[in-house]
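As structure tokens, the structure follows; a few thoughts come after it.
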Amino acid sequence: MSDMKALDNTSDSSLNPNNENTGSGLEDILDEIILVEKNYEAQNHKASEEENAFLEDLLNAPGTPELSPTPDPEPAPTPDPTPALTPDPEPAATPEPAPDPAPAPDPANHNKTIRIDFPAKESRKNPTVTDTSADISSADAVIVERILNIDESGSDETVDEFVREFQNRLLSSRMTETAHKMETSPSDKPLPTTLSSTGPGKFRKRFKSDVTSGSSGRVKGSGDPPDGNKPTTKKKHYILQRMFLLSFIMFFVACLGAGAFVWATVQETPEWDPSKLENHKYASFIYDNQNNKIAQLSAPGENRLPVKYEELPDLLKNTLLGVEDKRFYDHLGFDPVRIVKGAINTARNPTRPEGGSTLTVQLAKDTFIEFEDRSIRSGKDGVRRKLQEIVLSLQIERNYTKEEILTTYLTQIFFGHGAYGIRSAALVYFGKEDLNDLTPPEIALLCGLPQAPGEYDPYFYPEKAKARRELVLGVMSENGLITYEEYLTYREEPFYFIDDIRESLDELNLGPGQMKQHPYFVDYVVNCLMDKNMYDLTYDQIYSGGLHIYTTLDSKVQATAEKVMADPANFPPDAASDGAPVQGAFVMLENETGNVVAMVGGRQYTKQLCFNRAWEGKRQVGSTAKPLIVYGPALETGRFDANTVLVDEPFSYQGWSPKNAMGGYSGAITMRTAVASSINIYAVKLYLAAGPEHCYNFAKNLGLEMIGSQAGFISNSLGAFEATPLEMARAYSAYPNDGMLADVRCVTKVVGFDGKVIMEPLPQSRRVMNEMTAYAMDELLRGVITNGTGRNAIIGNWYICGKTGTTNLDYDIFGHVSGNPDAWFVGYNPLYTASIWIGFDKTNWDHYLKLEYGGNRPATIWNKIMTVALEDKEVRTQPNWQMKGINVPKKSSVWPEGYDSTGKKKKDPEPDADSE
């Protein structure tokens with residue numbers, strides 16, 4: 001029984017085989033016996049008075065048969081009395097030798113005492129262990145077999161009977177062996193004072209397993225192990241086995257959990273869509289009429305330009321790989337070495353986490369991972385995102401070559417300031433679209449930006465950008481891309497071009513990523529491209545289609561116009577009590593084609609797509625309307641000409657009494673005089689004479705929209721309706737163009753990123769008046785410049801025509817206050833027509849012009865801009881029609897009755913004296 005293992009839990013218990021629970025009695029008794037044996041053999045303790053008392057209590061337990069005293073077969077030479085284990089208070093005599101084997105237990109001896117004498121302590125040295133109970137008799141074996149075969153449902157008597165018989169034999173043999181071992185090799189260690197107890201079914205199963213499997217030496221007859229430490233070693237092995245098994249189970253469960261997590265993460269990976277890598281959104285460019293690039297258009301987050309692998313300099317490619325991905329050509333999409341290093345560095349410095357991403361992983365992240373998820377770097381979500389990036393990078397590597405991956409990366413990756421891709425970055429930071437023009441320090445700066453574009457921004461953090469550039473230059477030197485001497489030189493190079501760009505963009509209040517010269521014109525071009533009635537392109541086509549848009553803009557004239565309009569000296573000072581400046585707008589068109597040569601929508605461009613007064617600001621046009629709605633229509637009828645005379649005198653029509661701008665009346669005057677001096681009374685009378693409906697339709701055919709019906713608003717004759725500077729310039733351009741009205745055109749050609757022409761609008765024009773009408777009106781408007789209100793528009797010997805215009809304050813609001821809401825000048829020469837307006841966006845008591853007229857500042861501004869436009873042109877001293885040899889017939893003026901040919905009223909003749 002020495003090989004039987006004691007159960008783990010221990011508690012105080014009395015041995016009672018007669019317990020009412022059948023299994024419990026047998027198990028308790030045998031368990032206690034096994035425990036006594038195991039503890040004794042393991043500890044080899046000595047017997048003491050406490051041990052004798054313990055054994056005595058064990059043998060005298062209720063239901064336990066008594067054993068006959070068993071004397072030692074070979075008593076010690078010098079017997080030493082030892083404490084006896086007996087239930088009686090009297091000490092027992094020296095035990096007599098007991099027969100071997102022990103006699104069968106007798107129920108009658110239940111109350112007999114048993115005395116066991118132990119040898120002296122001195123004789124316990126160098127003991128010899130002898131297993132006196134190595135073999136079990138056949139009777140014992142039969143009993144064991146019968147116990148093992150007892151059914152769980154057996155009766156209490158049956159169980160008790162076998163238990164008592166087995167207990168009697170076992171205790172008899174055990175007592176003899178115990179006494180012998182205590183005599184030969186006692187231990188100083190005391191026996192335990194508590195015994196093990198287990199539940200009913202547990203012992204039977206364990207006992208049966210030990211017997212049938214051969215683990216019990218007594219059943220097999222193998223005897224006790226000779227080595228006293230062997231049970232402890234087996235126990236250690238058992239614990240190690242259990243620990244190993246538990247660790248394996250935990251590892252297996254962890255693997256299952258990790259596998260489930262990976263599987264679920266892979267299932268949630270964004271869908272593989274190659275079109276996201278192939279169909280890039282590219283920025284578009286706008287060019288002036290000399291093919292100079294003036295603007296770059298891109299949607300938010302899509303400022304990208306196409307690039308080919310062959311266009312990438314070797315220095316750029318090698319530098320980028322040396323900084324971002326040294327094993328790019330060796331890995332399959334992700335680099336385990338970099339991931340491990342990144343994890344270690346992150347553990348060392350959690351404030352600067354490193355992910356160990358390759359170029360392919362970065363490309364996968366920027367292409368397929370949602371923007372709000374890209375910044376997640378820690379926790380379960382960070383692991384999930386990283387796994388998805390790896391899966392996508394493997395897909396990329398499987399479908400594309402390394403050269404294609406590198407090219408796509410350099411086309412798509414973000415470099416800061418709205419620049420996506422290396423070409424956009426080179427243009428934004430250095431103004432270089434050709435990558436071969438980049439210098440080594442410029443390449444070093446660009447290759448250092450993708451890691452943290454915001455942190456290394458050279459516009460806002462120049463010191464950090466310089467340190468990052470120096471680090472990349474060091475990598476270039478270590479890899480033999482540049483020499484060490486070049487490294488020392490390049491690291492000190494300042495950011496010249498970046499400083500220049502920042503200064504120029506600050507003037508326009510634009511960010512560095514927004515390359516836009518002449519913004520008012522560019523905004524107008526974008527609007528026209530999206531206009532369904534003009535070019536009908538979509539927003540995505542314009543901002544993400546990689547278009548090359550060629551326009552009609554003359555950059556020299558545009559720059560001059562922007563400068564003149566921004567100069568405070570050209571506008572009234574302190575025009576408003578709150579300090580608000582007078583605003584203005586200017587437009588110049590080419591007469592024959594309708595091309596927009598220049599456009600300025602305000603004194604200063606303050607924000608993206610700000611209000612453009614040149615084509616969006618409708619204002620009352622004043623007297624500039626007269627040639628369009630009065631004189632031109634009248635000439636077109638054929639019943640009136642430049643010499644038509646009407647009387648300038650007080651006049652009322654349907655309760656309305658117009659007044660001349662300067663007051664007073666001129667009497668009978670010709671149309672020529674009325675146009676040059678801008679006489680209101682003459683214009684109203686001629687409007688009514690030519691027919692309001694005819695006049696209304698003529699002006700509408702020129703592209704003007706007027707208020708009310710053609711017959712109901714006579715104030716239209718004096719310019720009470722509203723129009724934009726662009727509309728006024730276009731309408732006037734029909735006169736120098738021989739009565740042909742050209743459609744406004746700002747785009748000459750649109751080419752896709754693949755080089756194919758998408759559209760090429762040609763000039764379009766239509767006849768809106770008779771040629772003779774245009775020639776006659778041309779002569780009339782020439783007089784305004786030479787003899788009238790537009791003298792400030794004279795430019796050398798150039799043939800200039802034009803008309804001034806000024807509106808009046810509303811009498812119902814301002815009464816007799818002197819001032820003007822608007823001041824205009826529209827003029828032309830044989831090549832160009834231009835219009836200018838100045839005033840406030842809203843007219844009120846604090847915002848109106850004080851004694852400003854169209855012939856003053858507006859005509860002066862017009863002159864300054866037009867002079868630059870004509871400075872490299874051949875001077876034209878005659879209109880186009882005169883150069884063609886056409887003569888305009890002059891009709892005799894029909895003066896009103898009572899007026900002479902000078903317009904003076906005839907005096908009544910004196911009576912003849914002889915008549916009486």
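The values are calculated or read from the model by the stated rules, or taken from the named source; none is laboratory data. Please read all numbers here as calculations on a predicted model, not as lab measurements. Glycine also receives a Cβ, built like all others from the backbone with ideal geometry; neighbour counts cover every protein chain displayed. When the accessible area is computed, the model is the full protein with side chains, heavy atoms only, and any ligands, DNA or RNA have been set aside. Shrake-Rupley method; radii C 1.70, N 1.55, O 1.52, S 1.80 Å.
Among the residues making up the stretch 381-412, a single one is at pLDDT 85 or above, open to solvent by 10 Å² or more (accessible area, probe 1.4 Å) and aliphatic (A, V, I, L, M): LEU394. Filtering the stretch 452-468 down to residues that are of a type in the set (A, V, I, L, M, F, W, C) and part of a loop (DSSP other than H, G, I, E, B), which residue is surrounded by the most Cβ atoms within 10 Å (Cβ to Cβ)? Within the stretch 452-468, the match that is surrounded by the most Cβ atoms within 10 Å (Cβ to Cβ) is PHE460.
What do you reckon, is ASP822 open to solvent by 40 Å² or more (accessible area, probe 1.4 Å), touching a residue at least 24 places away in the same chain (Cβ under 8 Å) and under 56 Å from the mean Cα position of the chain (by Cα)?
Working: open to solvent by 40 Å² or more (accessible area, probe 1.4 Å): no; touching a residue at least 24 places away in the same chain (Cβ under 8 Å): yes; under 56 Å from the mean Cα position of the chain (by Cα): yes.
So ASP822 does not fit the description; no.
Just give me the residues in the stretch 846-874 being open to solvent by 80 Å² or more (accessible area, probe 1.4 Å) and touching a residue at least 24 places away in the same chain (Cβ under 8 Å), in sequence order. Correct list: LYS850, LEU851, TYR853, LYS864. For PHE825, the requirement of being at pLDDT 85 or above, more than 22 Å from ASN591 (Cα to Cα) and not β-branched (Val, Ile, Thr) is not met. No other residue among GLY755, GLY802, GLY783, GLY796 is in a strand (DSSP E or B) and not aromatic (Phe, Trp, Tyr) apart from GLY802. Looking only at the stretch 802-818, decide whether some residue is farther than 18 Å from GLY622 by Cα and modelled with pLDDT of 95 or more. Checked the stretch 802-818: no residue is farther than 18 Å from GLY622 by Cα and modelled with pLDDT of 95 or more. Just a yes or no: is a residue in the stretch 715-734 among the hydrophobic types (A, V, I, L, M, F, W, C), under 30 Å from PHE521 (Cβ atoms) and surrounded by fewer than 22 Cβ atoms within 10 Å (Cβ to Cβ)? Yes; the residues of the stretch 715-734 include at least one that is among the hydrophobic types (A, V, I, L, M, F, W, C), under 30 Å from PHE521 (Cβ atoms) and surrounded by fewer than 22 Cβ atoms within 10 Å (Cβ to Cβ). Just a yes or no: is a residue in the stretch 332-342 at pLDDT 80 or above and surrounded by fewer than 19 Cβ atoms within 10 Å (Cβ to Cβ)? Within the stretch 332-342, one or more residues are at pLDDT 80 or above and surrounded by fewer than 19 Cβ atoms within 10 Å (Cβ to Cβ). In the set (1) surrounded by 22 or more Cβ atoms within 10 Å (Cβ to Cβ); (2) of a type in the set (Phe, Trp, Tyr); (3) at pLDDT 90 or above, the condition left unmet by TYR605 is number (3).
Each row is one residue, and each column tells you yes or no for (1) in contact with a helix residue (DSSP H, G or I) (Cβ under 6 Å, 6 or more places away or on another chain); (2) closer than 30 Å to VAL307 by Cβ.
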| site | (1), (2) |
| --- | --- |
| LYS756 | no, yes |
| MET759 | no, yes |
| PRO763 | no, no |
| GLU771 | no, no |
| TYR775 | yes, no |
| ARG782 | no, no |
| GLY788 | yes, no |
| ARG791 | no, no |
| ILE795 | yes, no |
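Against the criterion of being closer than 14 Å to TYR828 by Cβ and surrounded by fewer than 20 Cβ atoms within 10 Å (Cβ to Cβ), MET740 qualifies. Of the residues making up the stretch 805-816, those that are open to solvent by 10 Å² or more (accessible area, probe 1.4 Å) and assigned to a strand (DSSP E or B) number 1.
Scanning the stretch 281-303 for residues that are surrounded by 20 or more Cβ atoms within 10 Å (Cβ to Cβ), over 20 Å from the mean Cα position of the chain (by Cα) and not in a strand (DSSP E or B) yields a single hit, ASP288. Screening LYS563 with (1) crowded, with 16+ Cβ neighbours inside 10 Å; (2) over 27 Å from GLU278 (Cα atoms); (3) modelled with pLDDT of 90 or more gives one miss only, at (1).
Tell me which residues, restricted to the stretch 442-451, are in a loop (DSSP other than H, G, I, E, B) and open to solvent by 10 Å² or more (accessible area, probe 1.4 Å).
Those that are in a loop (DSSP other than H, G, I, E, B) and open to solvent by 10 Å² or more (accessible area, probe 1.4 Å): PRO450, GLN451.
In the stretch 664-682 there is at least one residue matching the filter, namely being free of Cβ contacts under 8 Å to residues at least 12 places away in the same chain and open to solvent by 20 Å² or more (accessible area, probe 1.4 Å).
When the stretch 471-485 is filtered for residues that are touching a Gly at 6+ places or on another chain (Cβ under 6 Å) and surrounded by fewer than 15 Cβ atoms within 10 Å (Cβ to Cβ), only ASN479 remains.
If I ask for residues that are in contact (Cβ under 8 Å) with a residue 60 or more places away in the chain, open to solvent by 30 Å² or more (accessible area, probe 1.4 Å) and either in a helix (DSSP H, G or I) or β-branched (Val, Ile, Thr) (or both), which ones from the stretch 304-322 would you list? Residues satisfying the conditions are TYR309, GLU311, LEU315, ASN318. The helices (runs of 4 or more DSSP H) located wholly in the stretch 676-737 that include 3 or more residues which are farther than 25 Å from GLY584 by Cβ and at pLDDT 90 or above occupy 680-690, 692-701. Do we have any residue at all in the stretch 828-839 that's at pLDDT 95 or above and out of contact with any Phe, Trp or Tyr (no Cβ under 8 Å at 6 or more places or on another chain)? There is at least one residue in the stretch 828-839 that is at pLDDT 95 or above and out of contact with any Phe, Trp or Tyr (no Cβ under 8 Å at 6 or more places or on another chain). On inspection, GLU636 qualifies as part of a helix (DSSP H, G or I) and either touching a residue at least 60 places away in the same chain (Cβ under 8 Å) or open to solvent by less than 10 Å² (accessible area, probe 1.4 Å) (or both).
Only one of these is under 14 Å from MET565 (Cβ atoms) and in contact with a Pro (Cβ under 6 Å, 6 or more places away or on another chain): ILE865, ILE861, ILE838. Name it.
Numbers: ILE865 fails: in contact with a Pro (Cβ under 6 Å, 6 or more places away or on another chain); ILE861 fails: in contact with a Pro (Cβ under 6 Å, 6 or more places away or on another chain).
Just a single option satisfies the conditions, and that option is ILE838.
Selection of the stretch 415-462 for residues being among the aromatic types (Phe, Trp, Tyr) and under 22 Å from GLU492 (Cβ atoms) yields TYR429, PHE430, TYR456, TYR459, PHE460, TYR461. Within this structure, ARG791 passes the test of being open to solvent by 70 Å² or more (accessible area, probe 1.4 Å) and either of a type in the set (D, E, K, R) or under 30 Å from ASP846 (Cα atoms) (or both).
Give the residue that is most open to solvent (accessible area, probe 1.4 Å), with candidates limited to residues of the stretch 574-591 that are modelled with pLDDT under 95 and part of a loop (DSSP other than H, G, I, E, B). This residue is ASP574. The set of residues in the stretch 555-573 being outside any loop (DSSP other than H, G, I, E, B) and in contact (Cβ under 8 Å) with a residue 24 or more places away in the chain consists of SER555, LYS556, VAL557, GLN558, ALA559, THR560, ALA561, GLU562, VAL564, MET565, ALA566, ASN570.
Scanning the stretch 777-809 for residues that are β-branched (Val, Ile, Thr) and touching a strand residue (DSSP E or B) at 6+ places or on another chain (Cβ under 8 Å) yields VAL784, ILE785, THR789, ILE800, THR804, THR806, THR807.
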